[in-house]
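All remarks here apply to the structure that follows.
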Amino acid sequence: MRSATKFLLRPFRKSDDKILARRINDWSIYRYTMNIPYPYSVRDARKFLRKVIAQYRQRSSMGLHLVIDIDDELAGSVSLVKIEKGHKAELGYWLAKEYRGQGIVSRAVAEMVKIGFNKLKLKKIYAYVFTNNTASYRVLVKNGFKKEGLLIQHVKKNGKLKDEYILAKYA
Ligand SMILES: CC(C)(COP(=O)(O)OP(=O)(O)OC[C@H]1O[C@@H](n2cnc3c(N)ncnc32)[C@H](O)[C@@H]1OP(=O)(O)O)[C@@H](O)C(=O)NCCC(=O)NCCS
């Protein structure tokens, strides 16, 4: 870890709309993720915020999305989706470019994994990673995730079929 930049994980709030749109509207995020539009407008942000704020209030099993907050400003996000209570969920994350390479997401994932195992009582947390997404693969391995498989031509991104790894960690 090269820095002690402090962050906290917190729920999304309505006022995150503009900063969310500004920071996530980035090809380097879009290229490695499946459910994030590009370009990403403030309207996209508001639609997303309505959904995740409602999910948080209802403790929905659709997803738990938390903000990586640095200096009281949204810098990224870490999420558990497709939550099957007492069983498993899928992990996802992104961080704005200017904060990368400081171990922030590795630490955010460690916190989210604790929430998943200790609060949601999950037995398994898994993640899909494009085979060329080395930074994301490192984040998972550093958190004790193990590669369980190579999924060939598993997803289509920009008209191209992409291979991905599935990694998982068990309680
Ligand atoms: C993946 C991502 C979240 C990592 O965030 P981060 O806070 O920079 O991650 P960390 O600093 O905790 O760890 C990154 C690790 O990858 C390594 N890394 C970063 N870029 C790399 C590259 N191009 N090649 C090889 N390793 C790389 C870092 O050295 C570090 O590993 P180390 O601690 O062993 O040195 C961030 O790059 C991102 O938002 N990417 C776009 C969205 C994305 O890919 N999301 C995940 C989809 S599965």
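The values are calculated or read from the model by the stated rules, or taken from the named source; none is laboratory data. Not measured: the values here are computed from a predicted model. Cβ atoms come from the backbone with ideal geometry, glycine included; neighbour counts cover every protein chain shown.
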Practice task
Working only within segment 102-139, note down all residues that are among the charged types (D, E, K, R) and within 8 Å of the ligand (Cβ to nearest atom).
Solution key: ARG107, ARG138
Exercise for the section: Of all residues in segment 98-148, count the ones that are among the acidic types (Asp, Glu) and more than 25 Å from TRP27 (Cβ to Cβ). Expected result: 2
Completion exercise
Of (1) among the β-branched types (Val, Ile, Thr); (2) in contact with a strand residue (DSSP E or B) (Cβ under 7 Å, 6 or more places away or on another chain); (3) away from the ligand (no atom under 13 Å from the Cβ), ILE68 satisfies every one except (3)
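What residue, among those in segment 121-140 that are in a helix (DSSP H, G or I) and of a type in the set (Val, Ile, Thr), is surrounded by the most Cβ atoms within 10 Å (Cβ to Cβ)?
The initial filter retains those residues of segment 121-140 that are in a helix (DSSP H, G or I), namely 134-140.
Of the ones still in play, those that are also of a type in the set (Val, Ile, Thr) are 134, 139.
Details: THR134: 10, VAL139: 25.
Ranking the candidates gives VAL139 first.
Between LEU161, LEU91, LEU151, which is closer than 25 Å to ARG31 by Cβ, under 18 Å from the mean Cα position of the chain (by Cα) and either β-branched (Val, Ile, Thr) or not in a loop (DSSP other than H, G, I, E, B) (or both)?
Working: LEU161 fails: under 18 Å from the mean Cα position of the chain (by Cα); LEU151 fails: under 18 Å from the mean Cα position of the chain (by Cα).
The match here is LEU91.
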Practice task
Exactly one condition in (1) in contact with an Asp or Glu (Cβ under 7 Å, 6 or more places away or on another chain); (2) free of Cβ contacts under 8 Å to residues at least 12 places away in the same chain; (3) part of a helix (DSSP H, G or I) is not met by SER15; state its number.
Solution key: (1)
Handout entry: Residue pairs meeting the criteria (Cβ under 7 Å; at least 6 apart or on separate chains; first in contact (Cβ under 8 Å) with a residue 12 or more places away in the chain, in segment 51-71; second assigned to a helix (DSSP H, G or I) and small (Gly, Ala, Ser))
Key = ILE68/ALA108
Handout entry: Tally, over segment 54-106, of residues that are farther than 21 Å from TYR128 by Cα, among the polar types (S, T, N, Q) and at pLDDT 95 or above
Key = 1
Exercise for the section: Scan (1) more than 26 Å from ALA168 (Cα to Cα); (2) outside any helix (DSSP H, G or I); (3) touching a residue at least 60 places away in the same chain (Cβ under 8 Å) for the single condition PRO39 breaks and write down its number. Expected result: (3)
Handout entry: Residue tally, condition over 21 Å from ARG100 (Cβ atoms) and in contact with a Phe, Trp or Tyr (Cβ under 9 Å, 6 or more places away or on another chain), over segment 147-157
Key = 7
Problem - Single residue of segment 141-171 satisfying the filter (within 13 Å of the ligand (Cβ to nearest atom) and touching a residue at least 40 places away in the same chain (Cβ under 8 Å)) that is surrounded by the most Cβ atoms within 10 Å (Cβ to Cβ) - result: LEU167
Exercise for the section: Quick one: THR33 ticks every box in (1) within 16 Å of the ligand (Cβ to nearest atom); (2) surrounded by 15 or more Cβ atoms within 10 Å (Cβ to Cβ); (3) over 15 Å from the mean Cα position of the chain (by Cα); (4) not small (Gly, Ala, Ser) except a single one, so which number is it? Expected result: (3)
